[in-house]
């Protein structure tokens with residue numbers, strides 16, 4: 001499955017064509033091979049229910065990413081001084097595959113959750129024009145637990161761009177050293193290219209500070225903040241691995257990549273947004 005899926009929509013694991021150490025391990029272990037086959041069936045069943053071309057493409061991209069991450073992050077589990085032993089390695093692979101099967105099989109009101117999430121993404125931005133800079137890009141990986149070397153979790157981080165005319169509003173989530181950084185960026189399309197005009201990070205974003213005070217926008221974005229929008233080429237139009245827009249006002253308190261609809265609407269439809277201005281220091285001073 002690993003080699004085939006990276007080049008096409010889906011195929012079953014063919015042990016006659018196994019080429020990587022991980023593929024050979026899956027083929028040599030009846031339990032691992034059975035788990036992989038169950039995951040493959042769940043994926044094929046899900047894909048068969050996706051009649052919308054963009055949803056189908058999103059599901060294929062999701063599964064390709066997972067398989068690539070499994071190869072990259074779990075293919076060398078036995079390496080290094082503190083590497084898990086053989087039994088732990090097997091347990092990690094079994095758990096990862098079982099969790100993926102569960103994820104692919106989940107239903108909401110009879111509808112596959114991944115398909116429902118993709119359609120919800122589309123519905124939430126239907127009021128805006130869209131454009132070549134709108135979409136999603138995810139980076140996914142198996143992340144080891146800091147306390148237990150035998151525990152890995154699969155997580156996706158990335159960027160969501162929503163476009164309305166020549167305005168692009170972005171929410172991004174990055175992960176480094178077991179710390180998640182969330183940012184927002186506002187850009188205008190100038191000369192056919194997006195130019196970031198303001199950005200904010202985590203609790204500094206206006207109105208969402210955990211202390212209740214807004215630290216405001218940075219109108220002189222760093223190169224890293226500008227990259228949230230400017231460095232991206234074509235994006236996936238739908239991506240159910242990235243959380244959809246939330247109705248909750250306090251989007252930074254929620255897990256996953258989320259932005260409340262009210263902020264997004266103001267950002268996309270009000271040309272005066274964001275406003276420059278000083279912010280209270282918490283003691284009534286400006």
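What follows is calculated from the coordinates using simple rules that are stated; it is not laboratory data. Since we're looking at a predicted model, the values are computed, not measured. Cβ coordinates were reconstructed from backbone atoms using ideal geometry, including for glycine residues, and neighbour counts include every protein chain displayed.
When the chain is fully extended, how far beyond the present Cα-Cα distance does residue 90 get from residue 111, taking 0.36 nm per residue of separation?
Details: separation 21, 0.36 × 21 = 7.56 nm, distance 3.23 nm.
Stretched fully, the residue 90-residue 111 segment lengthens by 4.3 nm.
Spin-label model, residue 180/residue 120: points 7 Å from Cα along the beta carbon direction are separated by 1.5 nm. For the listed peptides 262-269, 177-184, a ranking on the average number of other beta carbons within 10 Å per residue, highest first, reads 262-269, 177-184. Spherically averaged projected area of the convex hull of Cα atoms, the range 1-141: 10.2 nm².
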